[in-house]
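**Student:** Pasting a structure here, questions to come.
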Amino acid sequence: MSPCAQDGYTLPIGFTNPNWESAILYNTVASILIEEIIGFNTKLGPFSSSSTGTFDIAADDPTVHVAQELWDYALTAYVASYPCFNAANPDKALDRVKALDYAGTDGMYIFPKTYEPYYADTGKSLEFYKDLNVSWGSYQSYFSDMSVFTNPSAFDDCSHPSAASDGIMDDYIRFTGDVDAIVTVNGQRKWICYQEKWWMSPACRDAPMTCAPMITNSFWSYNPSRQKAAVYNIAMSIANTVAYGDYTSMPKQHRTFSYWWSPDITFKADGAVKVIFLPYREDEYQIGKFITDVNDVPLLSYAHKQLGTAAPAVLSMLGEMAIYKPDVDWLLEEVVFGRSQGDLHMIIVLCVIGRLGDADAQYAAACQWVKDNEACTRPDMACPVETVDSNRDGMQANGYGMVSEFGEFVSTRLPDAAGCALCVPGRFADAYSDNDGNSAICNTCPQGAAQDRGAQTACEQCEAGTYSLPTGTRCARCGRGTYQRNVSQTSCLSCLEPQTTSTVGSTSQEACVCPAGTFRPCHDFDNDGAIRPECQCDRSLYVPASSIGQRCLPCPEGMECPEGSDEQFFPCSEEEILNSTAFSYPVPQEGYFVEWNEPLWVFKCVDLDSCPGGMASHCGEGLQGAACGACAAGFYKQAGTCYKCGDMEKHPLFLIIPLLLSPVAILVLYKVSQDDVGKWGKTTQGFGGIGYLLLVYVQSISVILAVFPTVPAMLSSGLSWSGASAEITSLFRIECAGPSNFTENFLFNLFLPEIVGVIFFLTWLIARFIPKIRMDGDIVLGCFGGILKTFFVTVASKCFSLFQCYSHPNGMRSMRSSPEVLEHSDVWLSMVGFSAFAILLNCLTLLVVFGWAMWVAPARFHIVSFRRRWKFMIQKMRPSVHWWMMVILIKGLWLALTSVLWNTTMAQSLWICAGLLAYFTGSYVLLPWRSVFVAMLDIGTHVSILLLCLLLPFLLTFKPEESDVASMFFLILAGLSFLAVTTSILWILYKAVWPGYKRRREKSLNFYAKRMAEVFPYATDPRMLADLMSEIPALDIVNLKYVATMMSAEILDNRVPGRLVWQEASPTCRPPC
């Protein structure tokens, strides 16, 4: 062997590399080739633990000339800073020789001890990211749970800066939307972690022991894996080991995911395979979004700048040296095998003589590879073959084939063969013989076969579920939506449209299933609607053959159809429901309901809590019936929710006691209702007005929410008190001790006003015989009218409740207040007559009587009995708008009619908004209330309800066609606005041009001036005026104050601070002027 001479001294060619197996093997092969072919001595080492450290050694150590297998991403920024160094230190400069013929990759790996049992049990692979979505299958039991890791100190905390910086957290929330993964403690954001060590994905955070663990070290791929687990719904927990030894041992001892890279030997013997994600997206990785696969990383070779001068043959060999990924895999496998055998003597014998004593598995594998590829280094030799049958003179190639001078494989010796080369992946070595002797050629793999290692003498046939690539380099699994039942195929068969497969590598047409959002009917579309033999339930459960128009039927509204949904998996009885959840078939979504014996007959529920979904015949606690609308026995309904009856509620006294206390309540109400008009302006009356408005507000909110089923959970739970407050009868829990079926409950609520009226009448009648509590009949009648007025919104809603219905996906309609009662059912029809009578009596008749009273009030208000009887309608209003209570009652009727007149959400929303807007406008313009505070409260509460209506489009789901209704409403409003502007302009022109208007205005002014002149002579005593004003409504007093101030300034020339006065001050006016 000859040393390399440089600057007057000699030294061996020095190699350095990162201290991992593949890099050492690559340099060992290069070392052997340089020693055997060129004849230079070589030296391996020193080594470094990183690519950048290896680069530094090559630059700083004068005995090192070559650094190979350096990862490009680790050097990109590092090498960019070297041009200036190279210029200043030419004796240390490094030049890039080449990118090696194999690349590096890393990511999430999974082991056969996990994915092989899962594939055997389910037929699904865990190597594809979609199969890790827990919505598609439960695989966690095939992994160890976190409890097997008994030493928490072996892991870094989740709060480690490498995993918990603000930038990392912000990127995670931005690209996953998983805001629940982070909490703030003492002003510091932190991850929610198990034992403060294991980060958990949303798919298993609520049940940590169902998380499949992933192990990594130095936080390699920690944050990318976390984003992938969150985005693709993978049930995974991630921990970072403190010690590298724990990182390499834990995945071997337990069933886990692991971070790994390739090429590397760590998990080579364990058969780890990489989990496949979507292809790499550079634009996403640049902004911190890591939900696609990583890109392959070039592995680089660097050499000393002066190596080309001192040893050009070495530099040339390094540039031409070609070791491919299959070669590296073979080398690593040989090292694993050699170490497992312990005795390397027989392997080493095949290698260069004289190196036996200190050879190890790395050198032995490299030496064997060089020997196997000897022909590539000695192109003057014939391609080697060996005799396999001495009797027949049969020959077998040794993995080489003839090539031209350009390195292209040839099929004959003449005229182009110039040497031999190792057969590359996709080709196999075949013996060749001609007049010049024996040789070998590299034939392409036959169709349906492949080999991916090179230097092979045969190709392996592709198994069922795979096909050969055109290059012949490997057998690829059939993609999703395809299958292949035969071996040695070049393509896969496509499933019939629109079917797909649940995983890759399917081997039969039976693996073809309907995609998500559809389901396969039992009546076979491809067999003239015949029932499939695997469908064992009663045929009434299945879609009839006459309705089968396609192979996969669309999932009905309100149902969820996972991939592979099939009618054959429907439970055939109620007992089978719980046992059928392991199979895919259409199941109701949250907020929807189906019975097991009518599995596609979908009902929509009034709220999400009533119907959890997920399986047939599944209702919330205490609920039963269609759409889970009825309370089970022993439960009572309040604000749409069923609660279990307590022992106290079940006792009959629970209903009798309120009945016995009713006369007492009537007597109290009677006592506080005796004030005449002179005391209507008292502060206590203002409190009464506020209380009334709040009750009306609560009832309005309750009615509005009842119109719209399935409002957001936060809204329905946050305003649940409105339903309980509006439905007073629900407070008595009648279902526990009284009537519990729908008919009795409905009639009780329908005619509750009449029941209350009877109680009032009996109380008044009994009181007539007791002088001390004898009651005036007009006041009693007024008290009863006040009760009806106060709860009129609820009364009207109850009267119309039979006709307040909503639609189900199955085309049926249910009562909103009792979803279990279907429109036009026998029970519903039996109540129509009662409802019509209640509407006539409790709504229409009531409004007609009340309206008549307000009509005649100006003429009869001076009659004491009239005032007492109708005080409840008048006392809170200003005299000029005494009839405003009728508007409030009509508004209640308007709200009750919403779901009677309109079926679509958009139309109902607009109807409610229009009614509330009209009421708000009238209340704002007329200010009908006696109390200023009540007037302000009335306006404020209706502003809040209007805002709720404006937010409805964001809280509810509208059908696309409903946008036309909204557009029409908007056009009407725009037209009315334009009409209002046009009318105003015409009115101004009318006043300015028509002489008759001026005469009418002068006549009107003269009339009111005369009335004022009649009043002024009597308005000279301030005390009398003060007494008079004390009996006037507060808002009228505000108007009087304004008039007094105006007349004082305009007539008496008194200066009022802050008021504009157009006249000059009179010199004769009395102070102040």
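**Student:** Give Val543, Val487 a once-over and let me know the one that is touching a helix residue (DSSP H, G or I) at 6+ places or on another chain (Cβ under 8 Å) and either in a loop (DSSP other than H, G, I, E, B) or exposed (fewer than 14 other Cβ atoms within 10 Å of the Cβ) (or both).
**Tutor:** Values: Val487 fails: touching a helix residue (DSSP H, G or I) at 6+ places or on another chain (Cβ under 8 Å).
The conditions single out Val543.
**Student:** Look at Ser835 and say whether it is in contact (Cβ under 8 Å) with a residue 40 or more places away in the chain, farther than 29 Å from Asp776 by Cα, surrounded by fewer than 21 Cβ atoms within 10 Å (Cβ to Cβ) and touching a helix residue (DSSP H, G or I) at 6+ places or on another chain (Cβ under 7 Å). Break it down stepwise before answering.
**Tutor:** Working: in contact (Cβ under 8 Å) with a residue 40 or more places away in the chain: yes; farther than 29 Å from Asp776 by Cα: yes; surrounded by fewer than 21 Cβ atoms within 10 Å (Cβ to Cβ): yes; touching a helix residue (DSSP H, G or I) at 6+ places or on another chain (Cβ under 7 Å): yes.
Criteria met by Ser835.
**Student:** For Ile353, all conditions in the list (1) modelled with pLDDT under 85; (2) surrounded by fewer than 16 Cβ atoms within 10 Å (Cβ to Cβ); (3) in a helix (DSSP H, G or I) hold save one; what is the number of the exception?
**Tutor:** (3)
**Student:** Considering only segment 910-933, how many residues are small (Gly, Ala, Ser) and either surrounded by fewer than 15 Cβ atoms within 10 Å (Cβ to Cβ) or under 41 Å from the mean Cα position of the chain (by Cα) (or both)? Lay out the reasoning, then the answer.
**Tutor:** Step one: of segment 910-933, the residues small (Gly, Ala, Ser) are 914-915, 918, 922-923, 931.
Those still in the list that are either surrounded by fewer than 15 Cβ atoms within 10 Å (Cβ to Cβ) or under 41 Å from the mean Cα position of the chain (by Cα) (or both) too: 914-915, 918.
So the count comes out to 3.
**Student:** Follow-up. What is the one condition in (1) without any contact (Cβ under 8 Å) to a residue 12 or more places away in the chain; (2) closer than 28 Å to Thr904 by Cβ; (3) among the β-branched types (Val, Ile, Thr) that Ile888 does not satisfy?
**Tutor:** Against the list (1) without any contact (Cβ under 8 Å) to a residue 12 or more places away in the chain; (2) closer than 28 Å to Thr904 by Cβ; (3) among the β-branched types (Val, Ile, Thr), Ile888 comes up short only on (1).
**Student:** I've got another one for you. Looking only at residues that are hydrophobic (A, V, I, L, M, F, W, C) and outside any strand (DSSP E or B) in segment 142-160, which one is surrounded by the most Cβ atoms within 10 Å (Cβ to Cβ)? I'd like the intermediate steps shown before the answer.
**Tutor:** In the first step, residues of segment 142-160 are kept if they are hydrophobic (A, V, I, L, M, F, W, C); the result is 143, 146, 148-149, 154-155, 158.
Filter once more, so that each one left must be outside any strand (DSSP E or B): 143, 146, 148-149, 154, 158.
Working: Phe143: 26, Met146: 22, Val148: 13, Phe149: 23, Ala154: 18, Cys158: 22.
Among those that are hydrophobic (A, V, I, L, M, F, W, C) and outside any strand (DSSP E or B), it is Phe143.
**Student:** Can you name the residue in segment 675-719 that is polar (S, T, N, Q) and at pLDDT below 70 and, of all such residues, is nearest to Leu788 (Cα to Cα)?
**Tutor:** Applying the first criterion (polar (S, T, N, Q)) to segment 675-719 yields 683-685, 699-700, 702, 710, 716-717.
Retained after the next criterion (residues that are at pLDDT below 70): 683-685, 710, 716-717.
On the way: Thr683: 24, Thr684: 21, Gln685: 19, Thr710: 30, Ser716: 27, Ser717: 28 Å.
Out of the qualifying residues, it is Gln685.
**Student:** Out of curiosity, is Phe603 touching a residue at least 12 places away in the same chain (Cβ under 8 Å) and crowded, with 19+ Cβ neighbours inside 10 Å? First the steps, then the outcome.
**Tutor:** Values: touching a residue at least 12 places away in the same chain (Cβ under 8 Å): yes; crowded, with 19+ Cβ neighbours inside 10 Å: yes.
In short, yes.
**Student:** Here's another thing I want to ask about it. Within segment 174-191, which residues are touching a strand residue (DSSP E or B) at 6+ places or on another chain (Cβ under 7 Å), surrounded by 15 or more Cβ atoms within 10 Å (Cβ to Cβ) and among the hydrophobic types (A, V, I, L, M, F, W, C)?
**Tutor:** Scanning segment 174-191 gives Ala181, Ile182, Trp191.
**Student:** Turning to a different aspect of this structure: Enumerate the pairs (first residue in segment 161-177 and within 18 Å of Lys197 (Cα to Cα); second residue anywhere and in a helix (DSSP H, G or I) and of a type in the set (Phe, Trp, Tyr)) with beta-carbon separation below 8 Å, excluding pairs fewer than 6 apart on the same chain, so at least 6 apart or on different chains.
**Tutor:** Final answer for the pair search is Ser162/Tyr222; Ala163/Tyr222.
**Student:** Which helices (runs of 4 or more DSSP H) does segment 774-842 wholly contain that include 3 or more residues that are within 22 Å of Met873 (Cβ to Cβ) and not β-branched (Val, Ile, Thr)?
**Tutor:** Numbers: elements: 777-790, 792-800, 826-838.
Qualifying helices (runs of 4 or more DSSP H): 777-790, 792-800.
**Student:** So, one more: Among the residues that make up segment 569-590, is at least one of them surrounded by fewer than 20 Cβ atoms within 10 Å (Cβ to Cβ) and within 17 Å of Pro819 (Cα to Cα)?
**Tutor:** So far as segment 569-590 goes, yes, one or more of its residues are surrounded by fewer than 20 Cβ atoms within 10 Å (Cβ to Cβ) and within 17 Å of Pro819 (Cα to Cα).
**Student:** While we're looking at this one, here's another question. For Thr482, are the conditions met, namely being in contact with a Ser or Thr (Cβ under 9 Å, 6 or more places away or on another chain), within 30 Å of Cys561 (Cβ to Cβ) and not assigned by TED's automatic domain parsing to the domain that holds Tyr118? Step through it out loud before you land on a result.
**Tutor:** Working: in contact with a Ser or Thr (Cβ under 9 Å, 6 or more places away or on another chain): yes; within 30 Å of Cys561 (Cβ to Cβ): yes; not assigned by TED's automatic domain parsing to the domain that holds Tyr118: yes.
Here the answer is yes, as Thr482 does meet what is asked.
**Student:** Which pairs have Cβ atoms under 8 Å, sit 6 or more apart or on different chains, and link a residue in segment 241-269 that is farther than 20 Å from Ala163 by Cβ to one that is among the β-branched types (Val, Ile, Thr) and not in a helix (DSSP H, G or I)?
**Tutor:** Hits for this filter: Thr248/Thr266; Ser262/Thr105.
**Student:** Can you report the number of residues in segment 266-324 which are closer than 26 Å to Phe406 by Cβ and of a type in the set (Phe, Trp, Tyr)?
**Tutor:** The total comes to 1.
**Student:** Moving on. At pLDDT below 85, in a helix (DSSP H, G or I) and in the same structural domain as Ser880 (by TED's automatic domain parsing): which single residue out of Ser909, Ser923 fits that description?
**Tutor:** Numbers: Ser923 fails: at pLDDT below 85.
Selected residue: Ser909, the only one of Ser909, Ser923 that is at pLDDT below 85, in a helix (DSSP H, G or I) and in the same structural domain as Ser880 (by TED's automatic domain parsing).
Here is a yes/no grid of residues against (1) within 60 Å of the chain's Cα centre (by Cα); (2) at pLDDT 75 or above; (3) assigned by TED's automatic domain parsing to the domain that holds Val932:
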residue: Pro995; (1), (2), (3): no, yes, no
residue: Ser1004; (1), (2), (3): no, yes, no
residue: Arg1011; (1), (2), (3): no, yes, no
residue: Phe1016; (1), (2), (3): no, no, no
residue: Thr1020; (1), (2), (3): no, no, no
residue: Ala1026; (1), (2), (3): no, no, no
residue: Met1029; (1), (2), (3): no, no, no
residue: Pro1033; (1), (2), (3): yes, no, no
residue: Ala1044; (1), (2), (3): no, yes, no
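**Student:** Output yes when any residue across segment 570-582 is in a loop (DSSP other than H, G, I, E, B), touching a strand residue (DSSP E or B) at 6+ places or on another chain (Cβ under 8 Å) and of a type in the set (Gly, Ala, Ser), and no when none is.
**Tutor:** Among the residues of segment 570-582, not one is in a loop (DSSP other than H, G, I, E, B), touching a strand residue (DSSP E or B) at 6+ places or on another chain (Cβ under 8 Å) and of a type in the set (Gly, Ala, Ser), which makes the answer no.
**Student:** Quick check on segment 799-815. Is at least one of its residues buried (at least 20 other Cβ atoms within 10 Å of the Cβ) and closer than 27 Å to Thr763 by Cα?
**Tutor:** Within segment 799-815 (the criterion being buried (at least 20 other Cβ atoms within 10 Å of the Cβ) and closer than 27 Å to Thr763 by Cα), the answer is yes, since at least one residue qualifies.
**Student:** Only one of (1) surrounded by 23 or more Cβ atoms within 10 Å (Cβ to Cβ); (2) not in a loop (DSSP other than H, G, I, E, B) is not met by Ser433, so which one is it?
**Tutor:** Looking at each condition in turn, Ser433 falls short on (1).
**Student:** Starting from residues that are within 27 Å of the chain's Cα centre (by Cα) and either in a loop (DSSP other than H, G, I, E, B) or at pLDDT 95 or above (or both), keep the ones in segment 490-503 and report whichever is farthest from Pro588 (Cα to Cα). Show your work before the answer.
**Tutor:** First, the residues of segment 490-503 that are within 27 Å of the chain's Cα centre (by Cα): 498-503.
Subset that is either in a loop (DSSP other than H, G, I, E, B) or at pLDDT 95 or above (or both): 498-499, 502-503.
Numbers: Pro498: 23, Gln499: 22, Ser502: 22, Thr503: 25 Å.
Once the filter is applied, the top-ranked residue is Thr503.
**Student:** Could you list all residues from segment 279-331 that are aliphatic (A, V, I, L, M), in a helix (DSSP H, G or I) and under 18 Å from Pro263 (Cβ atoms)?
**Tutor:** Taking segment 279-331 as the starting set, the residues that turn out to be aliphatic (A, V, I, L, M) are 287, 291, 294, 297, 299-300, 303, 307, 310-311, 313-315, 317-318, 321-323, 328, 331.
Checking which are in a helix (DSSP H, G or I) leaves us with 307, 310, 313-315, 317-318, 328, 331.
Across segment 279-331, the qualifying residues are Val328, Leu331.
**Student:** Something else about it: In this structure, does Val887 turn out to be more than 20 Å from Val925 (Cα to Cα), at pLDDT 90 or above and in the same structural domain as Leu781 (by TED's automatic domain parsing)?
**Tutor:** Working: more than 20 Å from Val925 (Cα to Cα): no; at pLDDT 90 or above: yes; in the same structural domain as Leu781 (by TED's automatic domain parsing): yes.
Answer is no for this residue.
**Student:** On to the next question. If the Cβ limit is 6 Å and pairs must be 6+ apart or interchain, which residue in segment 42-61 that is more than 15 Å from Ser301 (Cβ to Cβ) and assigned by TED's automatic domain parsing to the domain that holds Leu75 pairs with which residue that is loosely packed, with under 15 Cβ neighbours inside 10 Å and among the hydroxyl-bearing types (Ser, Thr, Tyr)?
**Tutor:** Listed by first residue and then by second, the contacts come to Thr52/Tyr78.
**Student:** Right, here's the next one. Return the total of residues in segment 548-579 being without any contact (Cβ under 8 Å) to a residue 24 or more places away in the chain and closer than 20 Å to Ser135 by Cα.
**Tutor:** The qualifying residues number 2.
The values are calculated or read from the model by the stated rules, or taken from the named source; none is laboratory data. This is a predicted model, so every value here is computed, not measured. In this analysis, Cβ positions are derived from the backbone assuming ideal geometry, glycine residues included, and neighbour counts consider all displayed protein chains.
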